[in-house]
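So the structure is just underneath, and the comments pick up after that.
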Amino acid sequence: MAETTTGRRERKKAQTRQALTDAAVRLFTERGFDNVGVREVAEAADVSLSTLFKHFPSKEALVFDLDADIESALIAAIRDRASGQPVLHALRDHMVRTRTAVRTDDPTFLLVESTPALRDYARRMWSRHEKALAATLADATGLAPDDLAVTGLARFALEAPSLARASDDPARTVGDLFALLEHGWTTTPLARQEDGPGQDV
C-alpha cells in the first residue's frame, strides 16, 4: 500500500514539473524570457507560486527540467557499464543514445540559444555535470579527480554533441569524434597527407 502511495505521489510530482516546464517554455517562447514572471508560469500551469518554487529554485531552472536526470544518467553510464567495457566506449554510447536527438530547430534549444540568462544557466549546469562526470571517471579508473585524463575526457564528452549537432548524422559524428580521441590525430586522412611525399621531415 505504501509503495502504491509513493508511486502515485512521484507520478503527481513528475506531472506537476512537466506542466510547469511546458507552460514556461510556451510563455517564454511566445513573449520572451524577460517578459514573463514566475507567477504567470504558475498560473498557466494551475499551481501556486509556492508549489513552483518547491520544484524549481529559479526562473531559469524551469527550462531545464531534466537537469538532475541528465547528471544521474551520466554517472550511471560509467558506474553501471558492462563488465570489461572501457569507460570511453560507455561514455560514447551514452552520448550517442541521449544527446544526439536534440535538433537545432527544437523550440527549447532555440529559446536557450537566444536568451543570455538561459545560456549562462546552461553553461553553469554543464559545468556541474562535467565535475560530477570527472569524479565518476576518477572512481572508475583509479585516477585522481583532477587528473587531466579524466577532466579532459569529461569536458570532451559533454562538448562533442554540440559539435555534432550541425552535421547530417549527429550520432555518427559523435562516434567519429570519440574515435579520433581514442586513436589519435595520426590515424586521420589529413595526418597521413602531412606525412606523405614532399612534406618536410
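The values are calculated or read from the model by the stated rules, or taken from the named source; none is laboratory data. Because the structure is predicted, anything quoted here is derived from the model rather than measured. Cβ sites come from the backbone with ideal geometry, for glycine too, and all protein chains shown count toward neighbours. For the accessible areas, the whole protein counts, side chains as well, though only heavy atoms, and no ligand, DNA or RNA atoms are used. Shrake-Rupley method; radii C 1.70, N 1.55, O 1.52, S 1.80 Å.
A Cβ distance below 9 Å, combined with a sequence gap of six or more or placement on separate chains, defines the contacts here; from the range 89-104, residues that are closer than 13 Å to I70 by Cβ reach residues that are part of a loop (DSSP other than H, G, I, E, B) and modelled with pLDDT of 90 or more in the pairs H94/R81. Residue check: K12 meets all listed conditions (1) closer than 20 Å to A122 by Cα; (2) out of contact with any Phe, Trp or Tyr (no Cβ under 9 Å at 6 or more places or on another chain); (3) outside any loop (DSSP other than H, G, I, E, B) but one, namely (1). Against the conditions (1) of a type outside the set (A, V, I, L, M); (2) free of Cβ contacts under 8 Å to residues at least 40 places away in the same chain; (3) in a helix (DSSP H, G or I); (4) farther than 30 Å from S167 by Cα, D34 satisfies every one except (2).
Looking only at the range 85-115, count how many residues are within 17 Å of V63 (Cα to Cα) and either of a type in the set (V, I, T) or in contact with a Phe, Trp or Tyr (Cβ under 9 Å, 6 or more places away or on another chain) (or both). Steps first, answer last, please.
Let us first name the residues in the range 85-115 that are within 17 Å of V63 (Cα to Cα), namely 99, 102-115.
After this cut, where a residue has to be either of a type in the set (V, I, T) or in contact with a Phe, Trp or Tyr (Cβ under 9 Å, 6 or more places away or on another chain) (or both) as well, the list is 102-104, 108, 111-112, 114-115.
Matching residues across the range 85-115 total 8.
Of all residues in the range 59-87, those that are farther than 12 Å from M125 by Cα and in contact (Cβ under 8 Å) with a residue 12 or more places away in the chain have Cβ atoms under 9 Å from Cβ atoms of residues that are open to solvent by 30 Å² or more (accessible area, probe 1.4 Å) and basic (K, R), 6 or more apart or on another chain, in A77/R97; V87/R81. Checking each residue in the range 148-172 for being open to solvent by less than 50 Å² (accessible area, probe 1.4 Å) and either hydrophobic (A, V, I, L, M, F, W, C) or free of Cβ contacts under 8 Å to residues at least 24 places away in the same chain (or both) picks out V150, T151, G152, L153, A154, A157, L158, A160, A164, S167, A171. Of the residues making up the range 19-31, those that are free of Cβ contacts under 8 Å to residues at least 60 places away in the same chain and either open to solvent by 40 Å² or more (accessible area, probe 1.4 Å) or out of contact with any Phe, Trp or Tyr (no Cβ under 7 Å at 6 or more places or on another chain) (or both) are A19, T21, D22, A23, A24, R26, L27, E30, R31. Residues that are crowded, with 19+ Cβ neighbours inside 10 Å and touching a residue at least 40 places away in the same chain (Cβ under 8 Å) were ranked within the range 130-139; the one that is nearest to the chain's Cα centre (by Cα) is L133. T6 satisfies every condition listed in (1) open to solvent by 60 Å² or more (accessible area, probe 1.4 Å); (2) outside any helix (DSSP H, G or I); (3) of a type in the set (V, I, T) except (2).
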